[in-house]
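Undergrad: Once you've had a glance at the structure underneath, I'll fire off some questions.
The values are calculated or read from the model by the stated rules, or taken from the named source; none is laboratory data. The structure displayed is predicted, hence computed values, not measured ones. Here the Cβ positions follow ideal geometry from the backbone for every residue, glycine too, while neighbour counts run over all protein chains shown.
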Ligand code: LHQ
């Protein structure tokens, strides 16, 4: 249910249940989690590119798999605990860039997973839907955190309470995603960006990600101290030495990711 390919330091993970718009069942969850676990463990992976096969990015939870009519109540808290939350934590805690290429509709958890990635590009035809509102659920996969942080409470509530689709252009204008790309150019552009990040100073980029995420719960002063600590660490990295040397020697740096 997930295609996985490593090339040029980029681990490309492609959600692959196209006839269901890549809706999440348990098998797809486990495969995607395995991909992100590999990204954590394998030093040859220096960036991740997440995308979907077919006309959709992901329609969120496969509702056929969580149908309350099929025998007894469904404990969705358990589903979140065992499947969604571990995935979201793996994405956010990975100290390497995660690029997301939203190739088509992203609904429910599908949308919020895209918002949790570090740099999200979307095809011009893509749209984002907080589908939870239409089935009596609450946004999950970090949506109730990501939405207000990215676009403020007014827009967060507008999206989450109405479930109205948001087009890619507006999503970019609002700051939910990084950029919109023409449909035909999306994969090439997203892969090129991921390769560029994968040839970068991985440790420094990973630490930068950590610092920016920490800002959500730190005061300005705490953040200054965190920056000092992280900069101290970065200053001892091989890639910093290489970056400075390359600059002074007027040549292209060759970062090793350490
Ligand atoms: C689907 C789905 C789908 C199954 C399209 N499931 N088949 C976490 C914890 C535990 C449980 C609950 O949830 C969560 C997190 C969540 O993600 S909750 C939100 C779940 N997602 C939704 O409610 C979205 C439901 N889908 C839609 O609203 C539409 O399909 C969207 C807006 C995504 C796309 O619309 P269209 O482009 O018009 O496509 P379509 O509706 O015709 O769908 C194509 C096929 O995919 C269709 O199957 P069929 O056999 O008729 O061709 C759909 O039934 C199937 N599909 N989403 N989530």
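Undergrad: Whether any residue in region 61-71 is closer than 25 Å to residue 146 by Cα, buried (at least 22 other Cβ atoms within 10 Å of the Cβ) and within 16 Å of the ligand (Cβ to nearest atom) is what I want to check.
TA: Applying the first criterion (closer than 25 Å to residue 146 by Cα) to region 61-71 yields 61-63, 66.
Narrowing further to those that are buried (at least 22 other Cβ atoms within 10 Å of the Cβ): 61.
Now drop any that are not within 16 Å of the ligand (Cβ to nearest atom), which leaves 61.
Yes, region 61-71 has at least one match.
Undergrad: Another question about this same structure. Give region 135-164 a look and list any residue that's within 12 Å of the ligand (Cβ to nearest atom) and in contact (Cβ under 8 Å) with a residue 40 or more places away in the chain, or say none.
TA: The answer is 135, 137, 140, 141, 142.
Undergrad: Enumerate the strands (runs of 3 or more DSSP E) found wholly within region 88-167, keeping only those where 2 or more residues are surrounded by fewer than 17 Cβ atoms within 10 Å (Cβ to Cβ). Spell out how you get there, then give the answer.
TA: On the way: elements: 98-102, 105-107, 119-123, 127-129.
Here the list is empty.
Undergrad: Read through the list (1) closer than 19 Å to residue 131 by Cα; (2) within 12 Å of the ligand (Cβ to nearest atom); (3) touching a strand residue (DSSP E or B) at 6+ places or on another chain (Cβ under 8 Å), then give the number of the only condition that residue 19 fails.
TA: Exception for residue 19: condition (3).
Undergrad: Let me ask something else. Considering 197, 176, 205, which residue is in contact with a helix residue (DSSP H, G or I) (Cβ under 7 Å, 6 or more places away or on another chain) and not in a helix (DSSP H, G or I)? Outline the logic, then answer.
TA: Numbers: 197 fails: not in a helix (DSSP H, G or I); 205 fails: not in a helix (DSSP H, G or I).
None of the other options fit; the residue is 176.
Undergrad: Oh, and also: How about region 23-39: which of its residues are buried (at least 21 other Cβ atoms within 10 Å of the Cβ) and within 9 Å of the ligand (Cβ to nearest atom)?
TA: Matches in region 23-39: 23, 24.
Undergrad: Could I ask something else about it? Run residue 74 past the list (1) at pLDDT 95 or above; (2) surrounded by 13 or more Cβ atoms within 10 Å (Cβ to Cβ); (3) over 21 Å from residue 239 (Cα atoms) and report the number of the one that doesn't hold.
TA: (1)
Undergrad: Answer yes or no as to whether residue 222 is surrounded by fewer than 16 Cβ atoms within 10 Å (Cβ to Cβ), more than 19 Å from the chain's Cα centre (by Cα) and not assigned by TED's automatic domain parsing to the domain that holds residue 125. Before the answer, list the steps.
TA: Numbers: surrounded by fewer than 16 Cβ atoms within 10 Å (Cβ to Cβ): yes; more than 19 Å from the chain's Cα centre (by Cα): yes; not assigned by TED's automatic domain parsing to the domain that holds residue 125: yes.
In short, yes.
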